[in-house]
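See below for the structure under consideration.
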């Protein structure tokens, strides 16, 4: 029998063990199959770390580095070299990831931008993504941190989709001693404003939650329901990522435990129940050895997987080989399909900038999935 409509009290009971989770997993699979059938997707991508400098000080992050300690910007030629190498390997997505507003903290960042003629890091990202669209068959998908309406409106011209993880809705995680202390860009209200602005501008958007950084079950539930409320009003959240924290040796949270797989999978199933049959639900496959377990929790997407570049956010966790991704997915009874950075249901003129529309349609098949770029053999 299907579960009742999602409600926070029952959701909290599932997470705390006060209600048995088996019916939740059954419902998650039922909803996924009803909305997505037996198709599971992934995006073949390259990871472009535009800059590893950042003004935030998250206690679990190894991506951000100071000038002189590895923090730097990629030059335009370096960016294009990565994207063109990905194009030769059949990639259709260039994921642009970077630190938030490093010029507000680091003079070296300000100097680089001044020398290159850009007012901000976000303006630099705009120039890079426009060049990728102009010169390659690859589509940018930028995750540049907080973005106001003007920035998102400009980036929409070269990015069919944008992204920003909510991580968690609770401001408690910004208090002294917590992982987001001294991280102005992790303020939940500001992140929610960026997410909602994308909806008002008709931008397909990727967001999600990070599990295991000190949040409570109640804060997980509140985060999921807050995003579901946005989706019910604006309809632009093309994907929800449920990401499991992994401790890293050279961070202040190196001793914090990763979330137990059973507990994490329950959150994944909970997300499917909260967001319903039509949502695209992703778990990164490189952060769990036996990643196939999440198919039983209702996911229908593996996210971006690269045949070329590392996961710069989790460099200790290699991507699964695409052959293994295919085998694990198909062994569970699903068909693995390659998608574009924008999901098939958002390959629609309502959601895509007019200047990108012809290129996007040309890259999609009749169902909105990716027509793979021919892989160079020479």
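No value in this document is a laboratory result; all are computed from the given coordinates. Nothing here was measured: the structure is a model prediction, and the numbers come from that model. Please note: Cβ atoms are built from the backbone with ideal geometry, for glycine as well, and neighbour counts cover all protein chains shown.
The antiparallel fraction among DSSP beta bridges confined to segment 8-363 stands at about 5%. Springs join every pair of Cα atoms under 10 Å in this Gaussian network model of the chain, and among 112, 264, 25 the largest mean-square fluctuation is at 112.
Ranking of 324, 101 by neighbouring Cβ atoms within 10 Å, starting from the fewest: 324, 101.
Distance from the C-alpha centroid of segment 51-86 to that of segment 10-49: 32 Å, rounded to the whole angstrom. Neighbour counts of other Cβ atoms within 10 Å put 326, 141, 118, 350 in the fewest-to-most order 350, 326, 118, 141. Counted by neighbouring Cβ atoms within 10 Å, the residues 268, 305, 48 run from fewest to most as 305, 268, 48.
R0 = 56 Å: FRET efficiency of residue 261 with residue 114, Cβ-based, nearest 0.05?
E between residue 261 and residue 114, to the nearest 0.05, is 0.75.
Once you reduce segment 172-232 and segment 251-285 to the center of their Cα atoms, the two points are 14 Å from each other.
Estimated from helical segments only, the mean residue ellipticity of the chain at 222 nm is -11000 deg cm²/dmol, where each DSSP H run of four or more residues counts as -39500 (n - 2.57). Shape class of segment 83-157 from the Cα gyration tensor (axes a ≥ b ≥ c, square roots of the eigenvalues): prolate, since a/c reaches 1.5 or more and a/b is larger than b/c.
Overall form of segment 1-60: oblate. Here a/c, set by the Cα gyration tensor axes a ≥ b ≥ c, is 1.5 or more, and a/b is not larger than b/c. Summary value for the chain: 24 percent relative contact order, contacts being C-alpha pairs under 8 angstrom separated by 6+ residues.
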